[in-house]
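This structure is in structure tokens; I'll ask about it shortly.
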Amino acid sequence: MKLTILGGGGFRVPLVHGALLRDTHPGRVEEVVLHDTSSDRLAVMSAVLREQAAEARREHGATPPSLHATTDLREAVTDTDVVFSAIRVGGAQGRTCDERVALDLGLLGQETTGPGGIAYGLRTIPVVMDIARTVAEVAPRAYVINFTNPAGMITQAMQQVLGDRVVGICDSPIGLGRRAAAALGLDPARTSFDYAGLNHLGWLRGLRYDGRDVLPDLLADPARLVRTEEGRLFGPEWLATIGAIPNEYVYYYDFTREAIASITGATQTRGEFLLRQQSAYYAAALADPDGAWRRWREVRAEREETYMAEARAEGEERDLTDVGAEGYEQVALSLMRAISRGERGLMILNVRNGTTLPGLPADAVVEVPCAVDASGPRPLATAPLTGRMLGLTAQVKHAEELTIEAALTGSRQRAVQAFASHPLVDSVALARHLLDGYRARIPGVADAVG
């Protein structure tokens, strides 16, 4: 099987490659093609993956897949079986602008949630639509596994070309479910999760173990709740009040003022931290390729330990079990196995809604439990969203759909409407200032919206 990784020079690529090295099943990936627009980043990641493969061969006798790197998109995806998309249009510099333009106007500045996510979508959608058309032409049977953020929005845009052969993934929902099960001392593999919403906007509403919903037991036990990241983020009282455990990104909606104060009070935003860290890493790795793999592991540990630091109390460290947990790379591998080998599985994925969640459009991409096999993912019947969960989800989805329309048509009017429709933007005048600010600072947004 041939796997093409778009964004192949990206920092998280070794996580995917590491999962492939651990895969010993028949029908495993035998060829990996890395694609990136930066030849320097490709050179660094190629060196990292070669050393990673050599280490796995020495320690475990692993047989690594063949590796090829190219800046030519058509060459990369021709006749591929699976495309894994994890690109960042505008790079880390674009992310810092996503954050700072909003923060300068007193709004939440975050990569995927709120105004920053809309700006990210505006410049990314035209690029991924070109990718989708290329895949449709030269690899029409391929599945695209999308991790490019904002994942739900990007998946929905690409489905206009590739239909259900585009599936969005995220490790946040499965991580939430596993943490909840572990807090009760249960085996996560023996539990099933009632989870529903959008990417980075969803709620765990049930946790079934041996036929019984045990989530109420956890919600009634503050001592166990605070063992989870979410229990510490939201507080046991609030979780008991709403009767569910939100995705960690819902913090930005439930505690908006606190999040803005924490981010603005810090010496740098998350994007600025990553820009500094990764710029230094790639420069050092280019100068000394032999040390690139060792440095990658050191930098990755620092990166993961500081994830969502603005949502934690001063001095509070991230749970080391979360840092070490299997993430999106394992989700991607499990999805590839299910589709390519017919292995049946249950996964939380970003897929077309259909009739799964009433109150949302049929073509909306939602994040829900799915059954997966050789025919692809199928969303499972789930309880409808109600109250604030439904209202917030519908409002954010509307903003996403306006963003897609603006990016595809170049409409300034729709772009302003997208910003103004988002629940984290409280003024039409601010929406106009946001668009003008992003257009001035990020070429990709200026190119997408006139």
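The values are calculated or read from the model by the stated rules, or taken from the named source; none is laboratory data. Just so it is clear, the model here is predicted, and its values are computed rather than measured. Cβ: placed from backbone, ideal geometry, glycine included. Neighbour counts: every protein chain shown. Ligands, DNA and RNA are stripped out before the accessible areas are found, and what is left, the full protein with its side chains, is counted by its heavy atoms. Shrake-Rupley method; radii C 1.70, N 1.55, O 1.52, S 1.80 Å.
What does the charge count around VAL299 come to, taking other residues whose C-beta lies under 12 Å from its C-beta (Lys +1, Arg +1, Asp -1, Glu -1)? List each step's numbers first, then the result.
Numbers: positive: ARG12, ARG276, ARG294, ARG295, ARG297, ARG300, ARG303; negative: GLU298, GLU302, GLU304, GLU305.
Charge balance near VAL299 sits at +3.
Accessible area per residue of segment 328-427 at 1.4 Å probe, in Å²?
Numbers: 3920 Å² over 100 residues.
For segment 328-427, the solvent-accessible area averages 39 Å² per residue.
Counting alpha carbon pairs within less than 8 Å and at least 6 residues apart, what relative contact order, in whole percent, applies to segment 207-311?
18 percent
Shifting gears a bit: Ignoring ligands, DNA and RNA, what accessible area per residue does segment 205-253 give at 1.4 Å, in Å²?
Per-residue accessible area for segment 205-253 comes out at 41 Å².
From the phi angles alone, apply the Karplus equation (6.51, -1.76, 1.60; θ = phi - 60°) to segment 204-212 and give each ³J(HN,Hα) in whole Hz, x where the residue is Gly or Pro.
The phi angles translate into 7, 10, x, 9, 9, 9, 6, x, 10 Hz.
Moving on to the next point. Determine the relative contact order of the chain: mean sequence separation of Cα pairs under 8 Å and six or more apart, normalised by residue count, in whole percent.
17 percent.
Let me ask something additional. Return the calculated 222 nm mean residue ellipticity for the chain, to the nearest 500 deg cm²/dmol, obtained by summing -39500 (n - 2.57) across DSSP H runs with n ≥ 4 and dividing by the residue count.
Dividing the helical sum by the residues of the chain leaves -16000 deg cm²/dmol.
Hey, another quick one. Can you give the extra length, in nm with one decimal, that the chain gains between THR382 and THR264 once fully stretched, where that is 0.36 nm per residue apart less the Cα-Cα distance? Walk me through the numbers on the way to the answer.
On the way: separation 118, 0.36 × 118 = 42.48 nm, distance 3.88 nm.
Length gained between THR382 and THR264: 38.6 nm.
Quick one: dipole size for the chain, taken about the Cα centre, charges +1 on Lys/Arg Cβ and -1 on Asp/Glu Cβ, in debye to the nearest 20.
520 debye
I want to check the label-to-label distance for ALA240 and VAL226. Put each point 7 Å from Cα in the C-beta direction and report it in nm to one decimal.
Output for this residue pair reads 1.2 nm.
Take the solvent-accessible surface of the protein heavy atoms, probe 1.4 Å, and return the percent of it on the chain that carbon and sulfur atoms account for.
Exposed carbon and sulfur together represent 50 percent of the surface.
Which length gain, in nm to one decimal place, applies between ASP72 and SER192 when the Cα-Cα distance is subtracted from 0.36 nm times their residue separation?
Separation in residues times 0.36 nm, less the Cα-Cα distance, equals 39.0 nm.
At most 13 other Cβ atoms within 10 Å and a DSSP loop assignment: could you name the trypsin sites (Lys or Arg not before Pro) in segment 343-426 that fit?
Sites meeting the loop and neighbour criteria: ARG344.
Under the rule of at least 5 residues apart or a separate chain, name every residue whose amide H is placed under 5 Å from the amide H of LEU67.
VAL32
If you place +1 on the Cβ of every Lys and Arg, -1 on the Cβ of every Asp and Glu, and leave all else neutral, what size is the dipole of segment 19-126 about its Cα centre, to the nearest 20 Debye? Write down the numbers at each step before the final one.
Values: 11 positive and 16 negative charges, 35 e Å.
It works out to roughly 160 debye.
Could I have the simple spin-label model distance between ALA429 and HIS25, label points 7 Å from Cα toward Cβ, reported in nm to one decimal?
That separation, rounded to one decimal, is 5.7 nm.
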